[in-house]
Structures are given as C-alpha cells and as structure tokens.
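Peer 1: My structure is below; once you've seen it, I'll send some questions.
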Amino acid sequence: MNARLLAWARSAAMRYGLGIALIALWQVATMHAASIFFPTPYAIIARSAELWLSGPPSHLFLGDGVFHNIVPSLLRLLAGWCVAIAAGVPLGVLIGRSQYASDFLDPPLQFLRAIPGPALIPVLIILLGTESTMRVTLIAFGSVWPVLLNTIEGVRTIDPVAVDTARVFRLPRAARLRRIILPAAMPKIFGGVRVSLALAVILMVISELVASTNGIGYGIQNAQLMFLLTDMWCGVVLLAVLGSTLNWLFLKFEHRALEWHRGARGRTAI
C-alpha cells in the first residue's frame, strides 16, 4: 500500500509539480512587485469566484457572467467546431479517394487555406452581420483545415492491400468506406480534430473582440477598456482553463473511441 501511495505521489509530482511551482513563483513575484497590472493568482481566483460563482441557488450559484459571457462563447465554439468536422471529414474522404476530385478542388482549397481567418472578419460582418452567425462561420472556416488535411492524409495512406482485397470480394463501396477506409484513417482524423479544437478556441476569442456584446473575448476587452485589470486576468485564466479542460475531455473521448485500434495494432505486432 505504501509503495502504491509513493508511486502515486511521485506521478502527481511529475505531472503537476512544475505547474504548482510556477503558480507559487507567480504569487511571490506579484506580491513583491505590488503592480496593479499584475494581480496575484489569489486575487484572480477570488475575483473569478465573485464573477462566476456568486449567483443564487436557483441558478446553481452561477453568476450572471457565466450566462452572459461563458455560455455564448461555448455555444459558438462548439457550433463552429462541429461545422468544421462535418465539412472537413466528408470532403477529405472525397479528395483522398478520388484523384479527379483532388485535381479539381485542391487549387481553390489551397487558395482559401492561405487566407488568415481573422482577415475575413470585415467581409463576414458585411455578409452576415455582427451576430453569432458571423462568429460561428469564422470559427468553422479557420478550424476546418486541420480536419480536412489530416483526413486526406489518413485516407491516402491506407494499406492498398486491404482496399484491393475488399474489391476482390466485391464489398460495396459504402461498406468499404464504413468498414475499411474510415476506421483505418480514424487516428489521423482524430489528430486533425484535436488541432482544430485549439484553433476554434483562438478564433472564438478573436471573433468576440470585434463588434460583440457578449462572450469571453468581449469580457476581456471590456475589462481592459474599463481598467478592471483583475477582471481582465480572470478572463485570460478562464481561457487557459477552458482550453485545457476541452483538450482533456477530447483526449478521454479519443482514448475510448480508438481503443479498438490500439488493441488491433497490438495483436498485429504480436
């Protein structure tokens, strides 16, 4: 039991020790600096609790800031990310499996991929206005490329023997796609989806810095303009926590979804 506890403590120290040390160093440095521009981690945590965890019991103690800023941001983020996945995976499979589709679609897609997403904000405001539709579209446009490119690469690198065998046995095209192509490409697809999630968080914040009335990015910018610097830091730390949490949740989901792939690979290696 003691050995197991010691192993757990060693693992926790290796995993979280550096982060805890950096937070402690941040606390000490900001206490000695006493600068209004750099509040202590304790002050940020206390203010975050006031902003987001001081609501009535009927709202599960969630403050107005949660419903005014955090929830809208999460909805836009998830909507844009899901649109990117829904568009990137089928298009990637099509391009990866068809040379004609690749020759036809590759030049315009490469042209669009070269355009930075934030540069399209003025155009999207003209076309879609300043509501959530514009922000969701920006998130989807900027985060679709890792999904698309990884899907293309995953589909193109499938073992040709498996595909040829399916053809010999006259497996229908839909069945080949469902049973051979997509499962074999799934690790690369998941890798692209994970990268796109990080991009979606960044684009969510950028989209909310322009002509917005709510959202985490709006809250950070508004706090900076009103010189509420602790509130501004609360938003920055919130984004770090949000991004880390979403990444952790996705890794857990990926681990479960691809468990069969690791098992099959292990049996093949044996």
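The values are calculated or read from the model by the stated rules, or taken from the named source; none is laboratory data. This one's a predicted model, so the numbers in the text were calculated from it and none came from an experiment. Every residue, glycine among them, receives a Cβ derived from its backbone with ideal geometry; neighbour counts consider all protein chains shown. These accessible areas exclude ligands, DNA and RNA; they are computed on the full protein's heavy atoms, side chains included. Shrake-Rupley method; radii C 1.70, N 1.55, O 1.52, S 1.80 Å.
Peer 1: Among the residues of the range 144-162, which ones are over 30 Å from LEU77 (Cβ atoms), among the hydrophobic types (A, V, I, L, M, F, W, C) and open to solvent by 60 Å² or more (accessible area, probe 1.4 Å)?
Peer 2: Scanning the range 144-162 gives a single hit, VAL161.
Peer 1: For PHE111, indicate whether it is in contact (Cβ under 8 Å) with a residue 40 or more places away in the chain and surrounded by fewer than 13 Cβ atoms within 10 Å (Cβ to Cβ).
Peer 2: For PHE111, the condition - in contact (Cβ under 8 Å) with a residue 40 or more places away in the chain and surrounded by fewer than 13 Cβ atoms within 10 Å (Cβ to Cβ) - is not met.
Per-residue answers, yes or no, for (1) under 16 Å from PHE38 (Cα atoms); (2) at pLDDT 95 or above; (3) not in a helix (DSSP H, G or I):
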position	(1), (2), (3)
PHE227	yes, no, yes
TRP233	yes, yes, no
VAL236	yes, yes, no
LEU246	no, yes, no
HIS255	no, no, no
HIS261	no, no, no
ALA264	no, no, no
ARG267	no, no, no
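Peer 1: Can you name the number of the only condition in (1) in contact (Cβ under 8 Å) with a residue 60 or more places away in the chain; (2) assigned to a helix (DSSP H, G or I) that VAL123 fails?
Peer 2: Condition (1) is where VAL123 drops out.
Peer 1: Quick one: would you say VAL210 is open to solvent by 50 Å² or more (accessible area, probe 1.4 Å) and in a helix (DSSP H, G or I)?
Peer 2: No, not satisfied.
Peer 1: Of the residues that make up the range 102-110, is at least one within 22 Å of the chain's Cα centre (by Cα), not in a loop (DSSP other than H, G, I, E, B) and not hydrophobic (A, V, I, L, M, F, W, C)?
Peer 2: Checked the range 102-110: no residue is within 22 Å of the chain's Cα centre (by Cα), not in a loop (DSSP other than H, G, I, E, B) and not hydrophobic (A, V, I, L, M, F, W, C).
Peer 1: Do you know which residues across the range 66-85 are within 16 Å of LEU199 (Cα to Cα) and either open to solvent by 60 Å² or more (accessible area, probe 1.4 Å) or of a type in the set (D, E, K, R) (or both)?
Peer 2: LEU75, ARG76, LEU78, CYS82, VAL83
Peer 1: Further question: Checking GLY55 against (1) farther than 24 Å from LYS188 by Cβ; (2) within 26 Å of the chain's Cα centre (by Cα); (3) free of Cβ contacts under 8 Å to residues at least 60 places away in the same chain; (4) open to solvent by less than 80 Å² (accessible area, probe 1.4 Å), only one condition comes out false. Which one?
Peer 2: Among (1) farther than 24 Å from LYS188 by Cβ; (2) within 26 Å of the chain's Cα centre (by Cα); (3) free of Cβ contacts under 8 Å to residues at least 60 places away in the same chain; (4) open to solvent by less than 80 Å² (accessible area, probe 1.4 Å), GLY55 violates only (2).
Peer 1: Restricting to the range 163-175, and then to whatever is open to solvent by 40 Å² or more (accessible area, probe 1.4 Å) and assigned to a helix (DSSP H, G or I), can you tell me which residue is nearest to GLY88 (Cα to Cα)?
Peer 2: ALA174
Peer 1: Let me ask another. Can you pull out the residues in the range 28-51 that are part of a helix (DSSP H, G or I) and open to solvent by 50 Å² or more (accessible area, probe 1.4 Å)?
Peer 2: Correct list: VAL28, ALA29, MET31, HIS32, ALA33, TYR42, ILE45, ARG47, GLU50.
Peer 1: Report, ordered by the first and then the second residue, all pairs with beta carbons closer than 7 Å, sequence separation of six or more or different chains, a first member in the range 201-223 that is closer than 12 Å to PRO72 by Cα, and a second member that is in a helix (DSSP H, G or I) and of a type in the set (Phe, Trp, Tyr).
Peer 2: Once the first residue is closer than 12 Å to PRO72 by Cα and sits in the range 201-223, its partners that are in a helix (DSSP H, G or I) and of a type in the set (Phe, Trp, Tyr) give GLU208/TYR218; SER212/TYR218.
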